[in-house]
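J.: One structure, as structure tokens, below. Some questions next.
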Amino acid sequence: MKTTLFKRNGLYTLILLLLAGFVSCDNEEELFPFKDQATIPPGVLAKIEDMGFDASSVLEIGDMYVVEGDIGFAKSWFETSADQKDADGDSLSGGRIEQARFNGPLIAPQFQSDITVLVDGSIPSSGTDNWRTEVQAAINHYNNIADTRIHFRLVTSGTADITISSDGGLLPSNFLALASVPGQGAVGQPGPTVIINLDFNGNMTLSSAQKTHNMVHELGHCLALRHTNWRSVDFNPTGDPAVDIPGTPTAGGNPDPGSVMNGGTALNSWAGFTNFDLIAVRTLYPPLPQPPTNASLHEFGSALVILWTASPSDIDGYTIWQQSPVSREVGTTTSTSFAVHPYLKNGTNIFTVRAFNDVGSSSGTTVGYGYQQPAPPTNVSFHQFGPAHVILWTASTSSNVTGYTVKQNYPIGRTVGTTTSTSFAVNNYLEPGMNVFQVYSIGPFGLLSSGVSVGTYY
């Protein structure tokens, strides 16, 4: 199983990311005649050769250029003037193939877990040309792969991420199907199209197992999987060849003979994924990390801390969210603890801890804590005792108060002091003109009540 990756200037690029490419699967090694290669612009040939293909094998059919007999690139990809950029600011646009590259999985994580598939009305609903049972079977085979985020869902109406339809006479007799690859539809989504030649090989009748094999194969192209046996077809050895998916074999022209992604296998019957097929899918589209477990809240002196057991997945860290009484992210950490007392609000506080990596975030483990905000002091008033200017108040009625904080709000914003009594002298903080102070009760974890204001003119 090979990825669609190729290397350019030390960077790996998905070769089927070419934004408007198609892959077709045939049952013969000899290609049918196309337009004369002289009609293909030299610049297109040069760009295709630079990607590692033999330019002498490039053929033209309709609005596509075809290489290796079954990898096609839409002409519009070469002609587009849009200068799309990747995450590093490098060009992904047509006509800039030599700079094209892709960092990370081709299908964005948010689109991997619910890929909708529609078989449209151009495919008969009965008879030998009805492929719906085999489409569902192919979907089931992918959905049964463990440890991958990829999941397909068959729909019967509306729009879908992938539409399967008849080729309408586009494909020659010996080409069974053609699949688009990610980049042709919405950004980050799978290849949006599979077309089937219902008159394949002189209107040959295919068995259900053969149809299933081909549907699994074509959906693999929609996921950006290239042919496993790409080495057995001609490519330009002086260009940038494909880069193998880690963990899959590389020796010989056909390193995994049983792979469902081998090209030229339109007459094969479904025989299951090979181990390397599974490795390829799991490597390109790994699952979300597993969540942390055993989250619990603990009071350590003046701190309230969440502790948890680490996720067993390969992760980058943890995100802590406050779900209630406000919804917000309160922080991230690479450890298995996080202090949450600065974020407590009056009432029940719900916090959720999630593991994250470059694939996405896990489900969360949740803890709750009931926090009672202390009542504020009352009867706050300003008094002058000789040269002393003093604020007096009545103590808070809450039993969890440990003291009081006095702040000056005007004309300067600052904390002027704390006390365990019910008075505080502010002589040293008075400014000419109006002065406004607020007194707060101090509760658990150093959190404050609402403030009570008092003002004086100095």
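The values are calculated or read from the model by the stated rules, or taken from the named source; none is laboratory data. Note that the structure is predicted; figures quoted are calculated from it, not measured. Don't worry about glycine lacking a Cβ; one is built from the backbone with ideal geometry, like all the others, and counts go over all protein chains shown.
J.: What tally of residues in the stretch 372-394 results from selecting those that are hydroxyl-bearing (S, T, Y) and more than 27 Å from P444 (Cβ to Cβ)?
T.: 1
J.: Residues being farther than 21 Å from Y343 by Cα, surrounded by 14 or more Cβ atoms within 10 Å (Cβ to Cβ) and among the hydroxyl-bearing types (S, T, Y): count how many of those fall in the stretch 386-409.
T.: 1
J.: Mind checking which residues of the stretch 295-332 are touching a residue at least 60 places away in the same chain (Cβ under 8 Å), within 14 Å of T352 (Cβ to Cβ) and in contact with a Phe, Trp or Tyr (Cβ under 6 Å, 6 or more places away or on another chain)?
T.: The answer is A295, L297, I306.
J.: Out of contact with any Cys (no Cβ under 9 Å at 6 or more places or on another chain), of a type outside the set (A, V, I, L, M) and more than 19 Å from W270 (Cβ to Cβ) - does that describe any residue in the stretch 129-137?
T.: No - not one qualifying residue is present in the stretch 129-137.
J.: Inspect all residues belonging to the stretch 265-284 and state whether any of them is crowded, with 19+ Cβ neighbours inside 10 Å and among the charged types (D, E, K, R).
T.: Among the residues of the stretch 265-284, at least one is crowded, with 19+ Cβ neighbours inside 10 Å and among the charged types (D, E, K, R), which makes the answer yes.
J.: For the subset of the stretch 152-188 comprising residues that are in a loop (DSSP other than H, G, I, E, B) and among the aliphatic types (A, V, I, L, M), which member is nearest to K211 (Cα to Cα)?
T.: Going through the stretch 152-188, the residues in a loop (DSSP other than H, G, I, E, B) turn out to be 156-161, 167-174, 181-188.
Then drop every residue that is not among the aliphatic types (A, V, I, L, M), which leaves 160, 170-171, 181, 186-187.
Numbers: A160: 21, L170: 19, L171: 17, V181: 20, A186: 28, V187: 29 Å.
Checking each candidate, the answer is L171.
J.: Which condition breaks for N346 when tested against (1) under 27 Å from Y285 (Cα atoms); (2) at pLDDT below 95; (3) out of contact with any Leu (no Cβ under 8 Å at 6 or more places or on another chain)?
T.: (1) is the only condition that N346 fails.
J.: Still on this structure, please answer the following. I'd like the full set of residues that are assigned to a loop (DSSP other than H, G, I, E, B) and loosely packed, with under 14 Cβ neighbours inside 10 Å, limited to the stretch 410-457.
T.: Residues satisfying the conditions are P411, I412, G413, T420, S421, E431, P432, G433, S450.
J.: On to the next question. Is the stretch 172-180 home to any residue that is within 17 Å of N268 (Cα to Cα) and at pLDDT 95 or above?
T.: no
J.: Say whether the condition of being without any contact (Cβ under 8 Å) to a residue 24 or more places away in the chain, outside any loop (DSSP other than H, G, I, E, B) and over 14 Å from V135 (Cβ atoms) is met by at least one residue in the stretch 200-217.
T.: yes
J.: Which residues, counting only those in the stretch 138-190, are out of contact with any strand residue (DSSP E or B) (no Cβ under 9 Å at 6 or more places or on another chain), surrounded by fewer than 17 Cβ atoms within 10 Å (Cβ to Cβ) and either of a type outside the set (A, V, I, L, M, F, W, C) or farther than 20 Å from P286 by Cβ (or both)?
T.: Answer for the stretch 138-190, where residues must be out of contact with any strand residue (DSSP E or B) (no Cβ under 9 Å at 6 or more places or on another chain), surrounded by fewer than 17 Cβ atoms within 10 Å (Cβ to Cβ) and either of a type outside the set (A, V, I, L, M, F, W, C) or farther than 20 Å from P286 by Cβ (or both): N144, D147, G169, S173, A186, V187, G188.
J.: Collect the residues in the stretch 363-384 that are at negative phi, in contact (Cβ under 8 Å) with a residue 12 or more places away in the chain and not hydroxyl-bearing (S, T, Y), keeping them in residue-number order.
T.: The initial filter retains those residues of the stretch 363-384 that are at negative phi, namely 363-378, 380-384.
Going one step further and asking which of them are in contact (Cβ under 8 Å) with a residue 12 or more places away in the chain, we end up with 363-378, 380-382.
Hits for the stretch 363-384 are G364, V367, G368, G370, Q372, Q373, P374, A375, P376, P377, V380, F382.
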